[in-house]
1. Across the range 24-45, which residue is nearest to THR82 (Cα to Cα) among those that are within 14 Å of the chain's Cα centre (by Cα) and free of Cβ contacts under 8 Å to residues at least 40 places away in the same chain?
2. Can you give me the number of residues within the range 13-23 that are free of Cβ contacts under 8 Å to residues at least 40 places away in the same chain and not in a helix (DSSP H, G or I)?
3. Among the residues that make up the range 46-67, is at least one of them outside any loop (DSSP other than H, G, I, E, B), charged (D, E, K, R), touching a residue at least 40 places away in the same chain (Cβ under 8 Å) and surrounded by 15 or more Cβ atoms within 10 Å (Cβ to Cβ)?
4. Looking at VAL106, VAL94, which one is modelled with pLDDT of 90 or more and either in contact with a Pro (Cβ under 8 Å, 6 or more places away or on another chain) or surrounded by fewer than 16 Cβ atoms within 10 Å (Cβ to Cβ) (or both)?
5. Only residues that are touching a strand residue (DSSP E or B) at 6+ places or on another chain (Cβ under 7 Å) and not in a strand (DSSP E or B): list them for the range 68-98, please.
6. Just one of PHE101, PHE108 is assigned to a strand (DSSP E or B) and within 20 Å of VAL34 (Cβ to Cβ); which is it?
7. Among what's in the range 10-24 and is closer than 21 Å to ILE72 by Cβ and charged (D, E, K, R), pick the residue that is surrounded by the fewest Cβ atoms within 10 Å (Cβ to Cβ).
8. Kindly indicate whether VAL78 is β-branched (Val, Ile, Thr) and closer than 24 Å to GLU44 by Cβ.
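The values are calculated or read from the model by the stated rules, or taken from the named source; none is laboratory data. Just so we're clear, the structure is a prediction, and the values are computed from it rather than from any experiment. We place every Cβ from the backbone using ideal geometry, glycine too, and count neighbours over all the protein chains shown.
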Amino acid sequence: MTRAEITTLVGRRDTAINRRDVSALTALHADDGVVESAMAGTVEGRGAIGDIYRAWFTAFPDAAMQPGDLVIDGDRAVQFGTITGTDTGGFMGVPATSKSFKMPVVFFFTFHDGEIAYARHLYDFTGLLVQIGVLKAKPA
């Protein structure tokens, strides 16, 4: 893929995240695509990838992505950004806390044939749980 094609695809992903459009997000991934995340571990295939997005948007129906820098090298890219949201749907089996979060994220992508073949979502999972009130942090 060209630099312009990768930039366009990642832009479509950002738009789909902010629309909370699971179908559009899932369609960007290869049939046998792989996603790694703290929330879901490693999953393979569009169905499982769609389940990750669905669970995320169920827990945080107002989730929003503010994209940052995009670094492209050949068929790989790294995107920095910030995600915000409010736990109004319950997260990972824990009842909703109605608390908001804001966290930096980093996405690593590998592209093949115009699709996301591999994605790794990096974020401070423990920090997210503290912000939404699932975990308590001890004062220093």
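1. Narrowing the range 24-45 to residues within 14 Å of the chain's Cα centre (by Cα): 24-26, 28-29, 34-43.
With free of Cβ contacts under 8 Å to residues at least 40 places away in the same chain added as a condition, the list becomes 24-26, 40-43.
Numbers: ALA24: 20, LEU25: 18, THR26: 21, ALA40: 19, GLY41: 21, THR42: 22, VAL43: 23 Å.
Of everything passing the filter in the range 24-45, LEU25 is nearest to THR82 (Cα to Cα).
2. Residues flagged as free of Cβ contacts under 8 Å to residues at least 40 places away in the same chain and not in a helix (DSSP H, G or I) within the range 13-23 amount to 1.
3. The first filter runs over the range 46-67 and keeps only residues outside any loop (DSSP other than H, G, I, E, B), leaving 46-59, 64-67.
Retained after the next criterion (residues that are charged (D, E, K, R)): 46, 51, 54.
From the residues that got through so far, the ones that are touching a residue at least 40 places away in the same chain (Cβ under 8 Å) too are none.
The answer is no, given that none of the residues of the range 46-67 is outside any loop (DSSP other than H, G, I, E, B), charged (D, E, K, R), touching a residue at least 40 places away in the same chain (Cβ under 8 Å) and surrounded by 15 or more Cβ atoms within 10 Å (Cβ to Cβ).
4. Numbers: VAL94 fails: modelled with pLDDT of 90 or more.
Result of the check over VAL106, VAL94: VAL106.
5. Looking only at the range 68-98, we keep the residues that are touching a strand residue (DSSP E or B) at 6+ places or on another chain (Cβ under 7 Å), and these are 68-71, 75-86, 98.
Listed by number, the residues that qualify are ASP75, SER98.
6. Values: PHE101 fails: within 20 Å of VAL34 (Cβ to Cβ).
On inspection, the qualifying residue turns out to be PHE108.
7. The extreme case among them is ARG12.
8. Values: β-branched (Val, Ile, Thr): yes; closer than 24 Å to GLU44 by Cβ: yes.
Yes, satisfied.
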